[in-house]
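Heads up, the thing below is written out as structure tokens.
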Amino acid sequence: MPPETAVKKADLKEEYTRFVGRKFLIMLIFFIGIIVLAGVAATLGSADISVGEVYAAILAKFFPDHFHATWFVDTIVWKLRLHRVLMAVVGGMGLAVAGAVLQGILKNPLASPFTLGIASAAGFGASLAIVLGAGFVGGEYLIVGNAFVFTLLASFTVYGLAKYKGITPETMILAGIAIMYLFSAMTSFLQYVGTSEEVQEVVFWMMGSLGRSSWSKVGLITVVLACCMPYLLLKSWDINAMGAGDETATSLGVNVEGVRVICMALVSLITACIICFTGTIGFIGLVAPHMTRMVIGGDHRFLLPASGLMGAILLLGADTVARTILAPVILPVGIMTAFLGVPFFVYLFMRRRKEYW
């Protein structure tokens, strides 16, 4: 090998190492931001505790010989606040990853879990349980069960319609829009025939809230993410190739239809597990991947985990603002994410830049 070639390869290797290192540094900054914001969020409420007491109460559970917390602080943190904070973290992470995957496999910057009718289906399922008391499971899980089942039903319907016409990004988006309007119409009908109390409950559920969080729900969402994320990360190279077009990806050995269908199924499962507990929380799956792409680039090997971290920051931050801006009144977090998302898209429109997509 000529000396010039060896030097050039060494320089390229060093440049690539720096390139990857910068991306990991950005993700580390995101992770530290989550830890700091979580500590601040856990201090907010009627009981006044400090950030240091929050961290001490958390560490005391794992290192009781080195950290200590009072019974009062331990109760406030572990029984009242921390599960809500972690619900925002795992929920925002799941919605953001789902949005990043959909934007990649559909090659559409407006793709998100809600573009494909998933949110409308969940809203209809919850409305059906609230207004008519009908559902697939009974008791306290009636609304949750309905939202989950109808979310998956919408996803399979979108896939079925796209399969009938030939699976392409365009047909999946069009099928999702059709499903969205269908379920929105049926939800509006239920609101029309429901009582004022039932309509109020439906509207509140569809605004989205983390107030129904619990440790068991956080654990379930975490398990689902842990099961789905390895496959999505494994297929990140394939998603990168699909960004260049289905024909190009196929020529590179990618099973385009198979990857698109399986990713769609996993995204639907993640989204269903989150919004059945939180209600409709929009814009996280749409905004977080775009914000991350502008910072870290479009390589899905790094974009997927970084989008998850960004989504966690956005949802946790939105919930923190929702709990404090009109305290003691707690606003639905879905309202805050909408206030966040609209200015961002105006900003994107005004910039008219495409190099981050």
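Could you tell me whether Gly298 is more than 17 Å from the chain's Cα centre (by Cα) and not β-branched (Val, Ile, Thr)? Talk me through it step by step, then tell me what you get.
On the way: more than 17 Å from the chain's Cα centre (by Cα): yes; not β-branched (Val, Ile, Thr): yes.
Yes: the conditions hold for Gly298.
Of all residues in the stretch 274-290, which are under 19 Å from Leu106 (Cβ atoms) and not small (Gly, Ala, Ser)?
Hits for the stretch 274-290 are Phe283, Ile284, Leu286, Val287, Pro289, His290.
In the stretch 62-98, which residue that is under 15 Å from Arg323 (Cβ atoms) and among the charged types (D, E, K, R) is farthest from the chain's Cα centre (by Cα)?
Taking the candidates together, the pick is Arg81.
Yes/no matrix, rows are residues, columns are (1) in a helix (DSSP H, G or I); (2) within 25 Å of Gly245 (Cα to Cα); (3) not hydroxyl-bearing (Ser, Thr, Tyr):
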residue	(1), (2), (3)
Ser184	yes, no, no
Leu190	yes, no, yes
Gly211	no, no, yes
Ser216	yes, no, no
Gly219	yes, no, yes
Leu225	yes, no, yes
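Which of the residues that make up the stretch 43-87 are aliphatic (A, V, I, L, M) and without any contact (Cβ under 8 Å) to a residue 12 or more places away in the chain?
Leu59, the sole residue that qualifies.
For Ser251, are the conditions met, namely being over 20 Å from Ile173 (Cβ atoms) and at pLDDT below 90? Explain how you work it out, then say what you get.
Details: over 20 Å from Ile173 (Cβ atoms): yes; at pLDDT below 90: yes.
So Ser251 fits the description; yes.
Checking the condition loosely packed, with under 14 Cβ neighbours inside 10 Å, free of Cβ contacts under 8 Å to residues at least 60 places away in the same chain and closer than 23 Å to Gly282 by Cα, which residue from Ser188, Ser196 passes?
Only one candidate qualifies: Ser188.
Residues Phe136, Phe156: which one is in a helix (DSSP H, G or I) and either touching a residue at least 12 places away in the same chain (Cβ under 8 Å) or over 16 Å from Gly279 (Cα atoms) (or both)?
Phe156
Restricting attention to the stretch 115-128, which residues are within 17 Å of Val261 (Cα to Cα) and part of a helix (DSSP H, G or I)?
Result: Ile118, single match.
Please go through the stretch 205-246 and give me each residue that is buried (at least 17 other Cβ atoms within 10 Å of the Cβ), farther than 30 Å from Val77 by Cα and at pLDDT 85 or above, ordered by number.
Answer for the stretch 205-246, where residues must be buried (at least 17 other Cβ atoms within 10 Å of the Cβ), farther than 30 Å from Val77 by Cα and at pLDDT 85 or above: Leu232, Lys235, Ser236, Asp238, Ile239, Asn240, Ala241, Met242.
Are any residues in the stretch 190-233 touching a helix residue (DSSP H, G or I) at 6+ places or on another chain (Cβ under 9 Å) and aromatic (Phe, Trp, Tyr), and if so, which ones?
Tyr192, Trp205, Trp215, Tyr231
Could you tell me how many of the residues in the stretch 161-179 are of a type outside the set (A, V, I, L, M) and either in contact with a helix residue (DSSP H, G or I) (Cβ under 8 Å, 6 or more places away or on another chain) or not in a helix (DSSP H, G or I) (or both)?
Looking only at that region, the number is 6.
The values are calculated or read from the model by the stated rules, or taken from the named source; none is laboratory data. The shown structure was predicted, so the numbers you read here are calculated from the model rather than taken from an experiment. All Cβ positions, even for glycine, are placed from backbone atoms using ideal geometry, and neighbour counts span all protein chains on display.
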